[in-house]
Amino acid sequence: MEVYVHLGIHKTGSSFLQKVFFPHYTDNVCFLDRAKLASFKEYVLNEDDFEFEKTKALELFNEAVGANQNCNKVVISDEEFYGNPYLAVLDRKRNFDRLYEIFGKSLKVILFLRNQQNLLNSLYNQYVKTGGSASFKAFLNYKKYPLNFRVPYLLYDKYVDYLIKTTGVDKVKIYLYEDFLENKSDVLNDMNKFITNKSNELLGFSNFDKKVNASLNNGNIPVLRFLNKFTKSLKSPFLLLHINAHKLIRKLFLNLRFGLSPKRNYILTSLTSIDDVKASNTRLKKCCTRLELQKYGYLILDDVT
């Protein structure tokens, strides 16, 4: 059985893949949605290092596959395997090591990357949307539980290099989120070929333009961030007002067609952090030459053409 693991990263179309694209598979390719995958994911991500056992993980995985034991290909997808961006993404190597220990040479990997400045803006947007109340400055600098964002989350090169060296270059498929936005059909067909091994199979995309996981208008971030100080949420579960109050307010703000304050982008301004991103992208460009980083404005060192 071949196992295809979509590792995310966050804010790169994962919800679309999980809710629209991967579920279209039938017959020999089985997709384990988040409900089926929950126990396996919980074990892989949270089991203590001294208690973790490959056999237990495989048992949970086989339970998730269930009646679909005849599938010769299984697809699983969860961006938490890449690590939690709000908790220092400390375990992304350990998470992958566990997946490789479990599945070995049958493991194949799908990874989406995104321009770091745009990704950071989207991560902060998501943080506020799900209940966060820290200012952008605090978001970048707090460095304690329950908020510990670190720039290494945005540095892709060493992670990509590790995936390739561990599994083999032919078992790792890397896409740019910007390519996905520009030509979804091409990216999905290429991914389908990677999964099915059928080079001549093209998919129809009648419902693949569906948009999921709506973003918050950045102009409404300051207002929602203030209201989040009073309502229970995923980011702040012990506040005064019931979590349903947060859900209702969030729904209202997601449906607003205008911003209540001037719109702004939340991006890195630290020259040290920017230089780190430039250096990482430059190494990534040398590692994965087919990725058109400069086409989409990825930060690259000036002396690289």
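The values are calculated or read from the model by the stated rules, or taken from the named source; none is laboratory data. As the structure is a prediction and not an experimental result, all values here were calculated from the model. Note that each Cβ is placed from the backbone with ideal geometry, even for glycine, and that neighbours are counted across all protein chains shown.
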Among the residues that make up segment 98-109, is at least one of them at pLDDT 95 or above, part of a loop (DSSP other than H, G, I, E, B) and at negative phi? no
Among the residues of segment 72-97, which ones are over 14 Å from residue 155 (Cα atoms), in a helix (DSSP H, G or I) and not basic (Lys, Arg)? 79, 80, 81, 95, 96, 97
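Table: residues versus (1) surrounded by 18 or more Cβ atoms within 10 Å (Cβ to Cβ); (2) more than 17 Å from residue 153 (Cβ to Cβ); (3) out of contact with any Phe, Trp or Tyr (no Cβ under 8 Å at 6 or more places or on another chain).
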| residue | (1), (2), (3) |
| --- | --- |
| 262 | no, yes, yes |
| 266 | yes, no, no |
| 271 | no, yes, yes |
| 275 | no, no, yes |
| 281 | yes, no, no |
| 286 | no, yes, yes |
| 291 | yes, yes, yes |
| 294 | no, yes, yes |
| 298 | yes, no, yes |
Do we find a residue being of a type in the set (D, E, K, R), under 23 Å from the mean Cα position of the chain (by Cα) and surrounded by 19 or more Cβ atoms within 10 Å (Cβ to Cβ) anywhere in segment 47-64? no
Is segment 211-233 home to any residue that is within 30 Å of residue 3 (Cβ to Cβ) and not in a loop (DSSP other than H, G, I, E, B)? no
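Select from segment 163-204 the residues that are assigned to a helix (DSSP H, G or I), β-branched (Val, Ile, Thr) and closer than 19 Å to residue 100 by Cα and list them in ascending order.
Of everything in segment 163-204, those that are assigned to a helix (DSSP H, G or I), β-branched (Val, Ile, Thr) and closer than 19 Å to residue 100 by Cα turn out to be 164, 166, 167, 169, 195.
Tell me the residue from 43, 4 that is among the aromatic types (Phe, Trp, Tyr), farther than 30 Å from residue 214 by Cβ, touching a residue at least 12 places away in the same chain (Cβ under 8 Å) and surrounded by 14 or more Cβ atoms within 10 Å (Cβ to Cβ), please. Before the answer, list the steps.
Details: 4 fails: farther than 30 Å from residue 214 by Cβ.
The conditions single out 43.
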If a residue has to be part of a helix (DSSP H, G or I) and more than 18 Å from residue 99 (Cβ to Cβ) to count, how many in segment 1-53 make the cut? 8
Go through segment 183-209 and give me each residue that's touching a strand residue (DSSP E or B) at 6+ places or on another chain (Cβ under 9 Å) and either modelled with pLDDT of 95 or more or within 17 Å of residue 73 (Cα to Cα) (or both). 190, 191, 194, 195, 196, 197
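Being over 30 Å from residue 242 (Cα atoms), surrounded by fewer than 20 Cβ atoms within 10 Å (Cβ to Cβ) and hydrophobic (A, V, I, L, M, F, W, C) narrows it down to one residue among 112, 194; which is it? I'd like the intermediate steps shown before the answer.
On the way: 112 fails: surrounded by fewer than 20 Cβ atoms within 10 Å (Cβ to Cβ).
Being over 30 Å from residue 242 (Cα atoms), surrounded by fewer than 20 Cβ atoms within 10 Å (Cβ to Cβ) and hydrophobic (A, V, I, L, M, F, W, C) holds for just one of 112, 194, which is 194.
Using the structure shown, decide if residue 160 is within 24 Å of residue 290 (Cβ to Cβ), outside any helix (DSSP H, G or I) and aliphatic (A, V, I, L, M).
no
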Closer than 23 Å to residue 285 by Cβ, surrounded by 14 or more Cβ atoms within 10 Å (Cβ to Cβ) and touching a Leu at 6+ places or on another chain (Cβ under 6 Å) - does that describe any residue in segment 130-143? no
